[in-house]
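The values are calculated or read from the model by the stated rules, or taken from the named source; none is laboratory data. This is a predicted model, so every value here is computed, not measured. Ideal geometry is used to build each Cβ from the backbone, glycine not excepted, and the neighbour counts take in all protein chains shown. For the accessible areas, the whole protein counts, side chains as well, though only heavy atoms, and no ligand, DNA or RNA atoms are used. Shrake-Rupley method; radii C 1.70, N 1.55, O 1.52, S 1.80 Å.
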Amino acid sequence: MQDRKVLFMDTRKLRVLLDTIKIKSINKAAEELGYTQSGLTYLLNSLEEELGVPLLVRNRRGVFLSEEGNQLYPHISQILSAEDEMFHALRIIKEKKSDQLVIGSYPSISLFLLPETIKLFQNKYPDTDVDLRVGNTVLNFLLENNEIDFALVSKEQSADFEWEPLFRDPMYAAIPTTNPLAYKNCLTLQELANERIVFSGGNQKNIVLTGMQTNGLEAKRSITMSTTNGMDLLIYVSNGFGVTFLSSMYRKSCPSNVRMIPIDPPLYREVGVISKNAHQLSPQAKHFLYCLKLIIHNTFGDLEEKH
């Protein structure tokens, strides 16, 4: 019965333990977590005393879980997850409002990845409302003002936020079949710069436009649309207004009179999650991201290119 007293320990110590082994340095962890080095060492030592087993191994490479710590790790994670679930449920009860998850997303991700993700997510959280805010650079503003829980964007928009990469998405050129270039297996930026290009005015950090500028290229003719939705751009290409550049995900919805062709050398946008504090995301938000990763891996594996 004596061992059961540890069940009433301060779970803050458990969170500090996991943060420390993630950072792999007592000094750096103390700085990031707001402790003195001696204060953090005392806290970790006291946790080991409470549990009665060594939890950490310290060597020249850093700080790691001991053999006993590795055995306890899944149980510690379960305790902290259960605590997160309880306090989230408590917040909902106190606020007396429906449970809601608000997500920011690029249109391509919203169209091609999120429908199946939401279905999978609602298997566990059927009573949680999912509110999608679709856009581009406006998502940073929404996140900064706490109007969304997290956003699914490219790495170019990750400044000032925590970033977790999900997958690398190759960019394609969308060309009407009336254009002779549509029958090539791949296209260079030099070839495409000579075409009339339909750009999205809602994406000032377009990876292809950046690639052209890096190579000293300039679109000789262009049309700019105030949209972030690739389907709008495809309609213009389908009607013969020029070529455009899109995420590989749009291949599944490409009109019959438009071909999407790889760019050589390849250009990728790195798609991931931005949030203010990943550790403080609700259990629902964390589970949603878990479901999203499953969809990326299992359903859209052909789009994912691991690092």
Q | Point-charge dipole on Cβ atoms (K/R +1, D/E -1) for the range 108-233, about Cα centre, debye to 20 | A | 700 debye
**Q.** Hull-based mean projected area of the range 137-239, where the convex hull spans the alpha carbons, in square nanometres
**A.** 7.9 nm²
**Q.** Entries in LYS13/LYS276; LYS119/LYS276; LYS124/LYS252; LYS24/LYS293; LYS119/LYS184; LYS28/LYS119 that, when Cα-Cα distance is taken, lie over 32 Å
**A.** LYS119/LYS184; LYS28/LYS119
(Q) Between helix 37-51 and the chain, what is the angle of the helix's C-alpha long axis to the longest principal axis, kept within 0 to 90° and rounded to the nearest 10? (A) 70 degrees
(Q) Which one, VAL138, PHE150, THR224, is farthest towards the positive end of the dipole of the chain when Lys and Arg carry +1 and Asp and Glu -1 on their Cβ? (A) THR224
Q: Skip the ligands, DNA and RNA, and give the accessible area per residue of the chain with a 1.4 Å probe, whole Å².
A: 55 Å²
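Report the far tail of the P(r) of the range 6-144, meaning the percent of Cα-Cα pairs longer than 18 Å.
68 percent
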(Q) Let me cross-check THR214: its accessible surface, 1.4 Å probe, with only protein heavy atoms counted, in Å² to the nearest 10? (A) 110 Å²
**Q.** Whole-number percent relative contact order across the range 147-300, with pairs defined as alpha carbons under 8 Å at least 6 apart
**A.** 44 percent
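From Cα pairs below 8 angstrom and at least 6 apart in sequence, can you work out the relative contact order of the range 123-222, rounded to a whole percent?
Relative contact order, the range 123-222: 23 percent.
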Q) Where does the range 21-79 land on Rg(C-alpha)/(2.2 N^0.38 Å)? A) 1.10
Q.
For the chain, set up a GNM with springs between Cα atoms under 10 Å and report which of ILE23, ILE296, ILE207 has the largest fluctuation.
A. ILE23
Q. In what sequence, largest accessible area first, do GLU144, GLU191 appear using a 1.4 Å probe?
A. GLU144, GLU191
Q) What is the helix-to-structure angle for 11-23, meaning the angle in degrees between its Cα long axis and the longest Cα principal axis of the chain, kept from 0 to 90 and rounded to the nearest 10? A) 50 degrees
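Restricting to bridges with both residues inside the chain, how much of the DSSP beta-bridge set is antiparallel, in percent to the nearest 5?
60 percent
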Q. At a probe radius of 1.4 Å, what is the per-residue accessible area of PHE141, in Å² to the nearest 10?
A. 120 Å²
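Can you tell me what percent of all Cα-Cα pairs in the range 63-146 are more than 18 Å apart?
Cα-Cα pairs of the range 63-146 separated by over 18 Å account for 64 percent.
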Q: At a 1.4 Å probe radius, which order do TYR250, TYR268 fall into by accessible area, largest first?
A: TYR268, TYR250
(Q) Just to be sure I understand the curve: with the Debye formula and one point per C-alpha of the range 193-277, what is log10 I(q)/I(0) at q = 0.11, 0.18, 0.20 Å⁻¹? (A) -0.31, -0.83, -1.02
Q: Using a 1.4 angstrom probe on the protein heavy atoms only, line up MET86, MET231, MET249 by accessible area, largest first.
A: MET86, MET231, MET249
Q | Ellipsoid equivalent to the range 229-291 - semi-axes via the Cα gyration tensor, in Å | A | 34, 14, 10
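In percent, how large is the relative contact order of the chain, given Cα pairs closer than 8 Å and 6 or more residues apart?
Worked out over the chain, it gives 21 percent.
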Q.
Beyond 35 Å, how much of the Cα-Cα pair distribution for the chain remains, as a whole percent?
A. 36 percent
**Q.** Probe 1.4 Å - accessible area at ASP19, Å² to nearest ten
**A.** 30 Å²
Q: Could you work out the mean projected area of the convex hull around the alpha carbons of the range 212-256, in square nanometres to one decimal?
A: 3.9 nm²
Q: Please work out the Cα center distance from the range 120-140 to the range 244-266, rounded to the nearest Å.
A: 26 Å
